[in-house]
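Report on the structure given below.
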Amino acid sequence: MQILSVHLKNIKSHRDTTLDFAAGINVLSGPNGVGKSTVFEAIGYALFGVDARDFVTNVERFLSIGAKRGEVAVTFGINDGSTWRVTRTVGGGVKWLLAQQLGDAFEVEEHANIRETEARLAELLGLANGRPLAEQFKLVIGPFQNDFLGPFVIKQATRRQEAFDEILGIDAWRKTFKGTSGLLSTVQNRIEVLAAEVEVRQEQVVVLPEREKELSVLQAEVGVQRRTLEDKQKLLEEVAHKLVELGKREEALHKATTEVQELDIRIKNGEEKVADQQQRVTQAEKSLAVVEVNRAGKDAFEKADGALKVLRAQERSCRVLEREIDQLEKDCLELGQKFAHERDEVHKAEQELNEEQDRLVVARKELQPSSQLLEAAARLQPLREEAEGLRSQRGLLNGRRAALVEGQDKLGEGVCPFFTEPCQNIAGQQPRDVFSHKIAELDKQTAALAGRIEKLGQGIAAAEQAKQALDAQKVRSGELDKQQKQLEARRQKNAQRATGLDGLQARKAEAAAKLAARKEDRKTFDGLEEALNRAEQERAATQAARDAFYAHAKDAGELVERQQTLAKWQQALDGLKRDRAIGLEALARCQKVYDAALHQTTRQEKERLVGEIAALAQCIKGLEKDGERLTKEIARLKQLEADIAKRLAEKKRYQDQEKLVKYLRNCVFKNVSARLSERFREEISQRADRIYRIIAEGDEELIWGEHYQVMLRDLADGQMRERTDDQLSGGQMMSAVVALRLALLQTIGARLAFFDEPTSNLDASRRENLARAFRAIDVGREEVTEHWYDQLFLVSHDVAFTEITDQIVELGEPQ
């Protein structure tokens, strides 16, 4: 597996950075603050899914200053020859995409969620061992040197062992042993709870035989009461049947009595109606005589009334015509006045518009710009562009001069301009002065540019004044154009008013002609008043005859109908009298067959039986309720018996589990973690010892002892000497830690690793030895270890690594 390149956009100091890597050892070099460690963080973020907050306090600080969104893209190849690119964004909605190169393009794989993306990456990287990728990177593959030193310098043995068990991935057995302690307590508590519950339930089921006997006695008593109830119900049915028959006879007697009474009432009402109808017939005969006497007077009244209606309509038409004549006279007068006023206003406005037009012509002639002013304003933009170009040249010269001065100062101090340490190339020698003549030449060019810039500034000031004067004339000309448009609008409006004068003249003539026509129409109504008076007098003379006719006309018209109604009602009255005689005979028969005293005695018998039956039913209901209570109690007690058996079985099951958990904790979990730790320490110690001997160039033996304590063993004065981590120097401790980390990476099977300043606290000799150790691993020298990795990434300023690296990646000044 090999990382081919990484692209950082808006990540800390990297605005837009792309870095390519080679197989083997890659060293990132450059001044402090250029973002070397940021490259490691970006690879961990995109390729291993590390949270950005593991590197910074909040996500915003992982972005470049001022940026809202960033992105990291890592391109890598795997052993089957395929090339992949993983991209992860920072800020906003974070996206984590994995794409495979197909031809010249990358095609994104579809994943349901980030867990699926992480699992796919772990498979491609060969790290699908059940541990999260981010955890593997932070603990083993890519921790910063200070983070990796942390577990080694922990003084408490138990805490140090827990830290390295987690790094090696064997802490699960120890955590399981601690976790099962709570499980064991839970099982034991459950056994105690079940025992207490069984004891309580056994005390309750003691009364079960007594309750079953009580239920049997109660069920026998219910049977006796039910038989008595059935006898009473049969007797009640017989009494009820007899009572129904007597009820029918009583109902028939009541019905016959009611029918005779209703017939008496109807006969009385009929006789009264017949008498009233006879009076109405007599009244109708008298009204018919009055109608015949006044018929001629009524006809004369209707004739006069019709003539009067026609004359009234003519009178209303005459009034409408007179009002129209008055309105037309007013319209003719108003139109004449309005025409004269509009004519005077149009003439006055025309004079004012002509005067305003003359004033605008004079003002526009005064605003014509001179040719000198136009030429001066046109030179402004070229002069500005020329001045800006000269300032840019001066800025570049100043930057070059500052760089030369800084280089001159550092070289005079014997410090390499690119590394923060003494320059090895001029050690013990006086550096040549290669900067002074270049600085003097730059100062000369800068002075010449300053003179040209000052002269151009004077020309720009004059051109700006001309431009301002020309802009002022343009503003005034725009105002005159606006006034000209307003003047034209007013002239057009005045022309529209002049056109409206002809319309007013035509309306005036039309109103005068209509007035004359209406006056001629008014003459046709002369003599209307006399005709109205004659018609009203004739109408009044026949009013009394007409009123008498219509007052009696309704009764006279109903004479035949009233006579027919009288005959019909008399016939119905005779029928009611015959029905009454038949009803009296039926009433006599019903009175003969009905015995009221027997009916009352039967009712009382039924009420007595109903009361006795209700009492028996209530008694049976109470007994049944007691039976249900006993049945439920017996069922509950039997359920308690079953529950006791269930809890006893559950108690037995938990006792078996208690034995199993005790066995696993004492015989399995407690020992596996220690055995795995011992095996890993032995394997890693052997590999780390070979690497340490190369770095230290000595006969000291590196041992990773119990509880992961770093120890060095050697011979001193013929005696075997062992020194622990708190007895070692800083260089010895750092050498041991680097050796252990290299061995640890090889043991867990990681094919790439990241080292941030691995030579910290090492002297020059140990730094060179460490570099040779890295190269020895790369070429597969057997005295160190086999070649186990594809790529190593180092951040270092140490020149020793320039001799052994496959590629040096130089990073420039921070952006």
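The values are calculated or read from the model by the stated rules, or taken from the named source; none is laboratory data. As the structure is a computational prediction, the values presented were derived from the model and not from experiment. Neighbour counts are summed over all protein chains in view; Cβ atoms, including those assigned to glycine, are modelled from backbone coordinates with ideal geometry. When the accessible area is computed, the model is the full protein with side chains, heavy atoms only, and any ligands, DNA or RNA have been set aside. Shrake-Rupley method; radii C 1.70, N 1.55, O 1.52, S 1.80 Å.
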For this session: Name, by its number, the condition in (1) closer than 30 Å to Gln204 by Cβ; (2) of a type outside the set (Gly, Ala, Ser); (3) surrounded by 15 or more Cβ atoms within 10 Å (Cβ to Cβ) that does not hold for Gln639.
Result: (3)
Exercise. Tell me, which residue of region 126-136 that is farther than 13 Å from Gly44 by Cα and not charged (D, E, K, R) is surrounded by the most Cβ atoms within 10 Å (Cβ to Cβ)?
Worked result: Leu127
For this session: Would you check if there is a residue in region 698-712 being open to solvent by less than 10 Å² (accessible area, probe 1.4 Å) and in contact (Cβ under 8 Å) with a residue 60 or more places away in the chain?
Result: yes
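So that you can scan it fast, the table gives a plain yes or no per residue for (1) surrounded by 13 or more Cβ atoms within 10 Å (Cβ to Cβ); (2) farther than 30 Å from Leu648 by Cβ; (3) at pLDDT below 85:
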{"residue": "Val200", "(1), (2), (3)": "no, no, yes"}
{"residue": "Val239", "(1), (2), (3)": "yes, yes, yes"}
{"residue": "His254", "(1), (2), (3)": "no, yes, no"}
{"residue": "Thr257", "(1), (2), (3)": "yes, yes, no"}
Exercise. When you look at Phe755, is it aromatic (Phe, Trp, Tyr) and at pLDDT below 70, yes or no?
Worked result: no
Exercise. In region 46-67, is there at least one residue being charged (D, E, K, R), surrounded by fewer than 18 Cβ atoms within 10 Å (Cβ to Cβ) and in contact with a strand residue (DSSP E or B) (Cβ under 9 Å, 6 or more places away or on another chain)?
Worked result: no
For this session: Name the residue, out of Leu360, Leu328, Leu367, Leu397, that is open to solvent by less than 50 Å² (accessible area, probe 1.4 Å), under 26 Å from Asp443 (Cβ atoms) and touching a residue at least 40 places away in the same chain (Cβ under 8 Å).
Result: Leu397
For this session: Look at Leu4 and say whether it is of a type in the set (A, V, I, L, M) and either buried (at least 22 other Cβ atoms within 10 Å of the Cβ) or assigned to a helix (DSSP H, G or I) (or both).
Result: no
For this session: Take the residues in region 82-102 that are at pLDDT 90 or above and farther than 15 Å from Ala46 by Cα, then tell me which one is surrounded by the fewest Cβ atoms within 10 Å (Cβ to Cβ).
Result: Leu102
Exercise. Among (1) open to solvent by 20 Å² or more (accessible area, probe 1.4 Å); (2) within 14 Å of Val50 (Cα to Cα), which single condition is Glu109 missing?
Worked result: (2)
Problem set entry | Residue match in region 370-383 (condition: modelled with pLDDT of 70 or more, in a loop (DSSP other than H, G, I, E, B) and loosely packed, with under 15 Cβ neighbours inside 10 Å) | yes
Exercise. Hey, Glu41 hits all of (1) surrounded by fewer than 16 Cβ atoms within 10 Å (Cβ to Cβ); (2) out of contact with any Gly (no Cβ under 8 Å at 6 or more places or on another chain) but one; which does it fall short on?
Worked result: (1)
Exercise. Do any residues in region 308-319 that are closer than 12 Å to Phe525 by Cβ have Cβ atoms under 9 Å from those of residues that are of a type in the set (D, E, K, R) and open to solvent by 80 Å² or more (accessible area, probe 1.4 Å), where the two are at least six apart or on different chains, and which pairs are they?
Worked result: Glu315/Glu529
Exercise. Would it be correct to say that Glu230 is assigned to a helix (DSSP H, G or I), open to solvent by 100 Å² or more (accessible area, probe 1.4 Å) and under 30 Å from Lys621 (Cβ atoms)?
Worked result: yes
Problem set entry | Matching residues in region 7-32 - criterion: being out of contact with any strand residue (DSSP E or B) (no Cβ under 6 Å at 6 or more places or on another chain) and part of a strand (DSSP E or B) | Arg15, Gly24
For this session: Take region 687-697 and flag every residue that is open to solvent by 20 Å² or more (accessible area, probe 1.4 Å), in a helix (DSSP H, G or I) and touching a residue at least 12 places away in the same chain (Cβ under 8 Å).
Result: Arg687, Asp689, Arg690, Ile694, Ala696
Exercise. Only one of (1) surrounded by fewer than 20 Cβ atoms within 10 Å (Cβ to Cβ); (2) at pLDDT 85 or above fails for Phe21. Which number is that?
Worked result: (1)
Exercise. When you look at Val205, is it at pLDDT below 80, part of a helix (DSSP H, G or I), closer than 26 Å to Ala649 by Cβ and open to solvent by less than 80 Å² (accessible area, probe 1.4 Å), yes or no?
Worked result: yes
For this session: Evaluate region 33-49: report whether one residue or more is part of a loop (DSSP other than H, G, I, E, B), out of contact with any His (no Cβ under 6 Å at 6 or more places or on another chain) and more than 30 Å from Leu168 (Cα to Cα).
Result: yes
Seminar exercise, completed: Only one of (1) more than 30 Å from Arg312 (Cα to Cα); (2) surrounded by 14 or more Cβ atoms within 10 Å (Cβ to Cβ) does not apply to Ala531, and that is (1)
Exercise. Of the residues Gln791, Gln732, Gln727, which single one is modelled with pLDDT of 80 or more and open to solvent by 10 Å² or more (accessible area, probe 1.4 Å)?
Worked result: Gln727
For this session: Can you give me the number of residues within region 291-304 that are in a helix (DSSP H, G or I) and surrounded by 16 or more Cβ atoms within 10 Å (Cβ to Cβ)?
Result: 5
Seminar exercise, completed: Filtering region 554-565 for residues that are modelled with pLDDT under 85 and either surrounded by fewer than 11 Cβ atoms within 10 Å (Cβ to Cβ) or of a type in the set (A, V, I, L, M, F, W, C) (or both) leaves a count of 2
Seminar exercise, completed: Considering region 670-723, residues that are modelled with pLDDT under 80 and polar (S, T, N, Q), and then whichever is farthest from Ala157 (Cα to Cα), we arrive at Asn671
